[in-house]
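The values are calculated or read from the model by the stated rules, or taken from the named source; none is laboratory data. Just so it is clear, the structure is predicted and the values come from calculations on it, not from any experiment. When we count neighbours, we look across all protein chains shown, and the Cβ atoms used for this are built from the backbone with ideal geometry, even at glycine. All accessible areas refer to the heavy atoms of the entire protein, side chains included, with ligands and DNA or RNA removed. Shrake-Rupley method; radii C 1.70, N 1.55, O 1.52, S 1.80 Å.
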Amino acid sequence: MSSMVQALLMIPVAIWLYRIGGWRWRGLGRSWMILGVVALGGVGLLRFVVLFGAAVSDILFMIPMGLVGLWLAAVNWNNPRALRGRMRILGGIARICLFGVGLNFFFNGGLVVFSKGPMAYGDDMNSISDWG
């Protein structure tokens, strides 16, 4: 529940970062703000749907999390006046980790939820006892 609320509360931040003006001069614009809003909204929506026990895999939020990482990369790279010093370093670490979460979904077997159902990822995972 808290990750859903956090993602939804970050949507105004995405809009604010666009409005402070640095992106218009560097060729980026509404498309990056829209990516941030859609990605953060997607994380919030997918977290909300899972709360009600619908037949939706609880790992699908990883896809928009990777998009949040891309959005953070655009914010850090194209708008140095918005975030300075340690905040840019922390944003850089966060973007790498969030983008890694998105990649982890695609390269670590998350796509199986689209073909075999919402519980397929957990059922398809090898347990430690299967390694030996």
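Within region 58-72, the residues that satisfy the criterion of being in contact with a Lys or Arg (Cβ under 8 Å, 6 or more places away or on another chain) and open to solvent by 20 Å² or more (accessible area, probe 1.4 Å) are PHE61, LEU70, LEU72. When residues in region 46-57 are screened for being in contact (Cβ under 8 Å) with a residue 12 or more places away in the chain, surrounded by fewer than 21 Cβ atoms within 10 Å (Cβ to Cβ) and either on the phi > 0 side of the Ramachandran plot or not in a loop (DSSP other than H, G, I, E, B) (or both), 2 of them pass.
Of the candidates TRP71, TRP32, TRP77, TRP25, the single residue that is hydrophobic (A, V, I, L, M, F, W, C), assigned to a helix (DSSP H, G or I) and either at pLDDT below 70 or touching a strand residue (DSSP E or B) at 6+ places or on another chain (Cβ under 6 Å) (or both) is TRP25.
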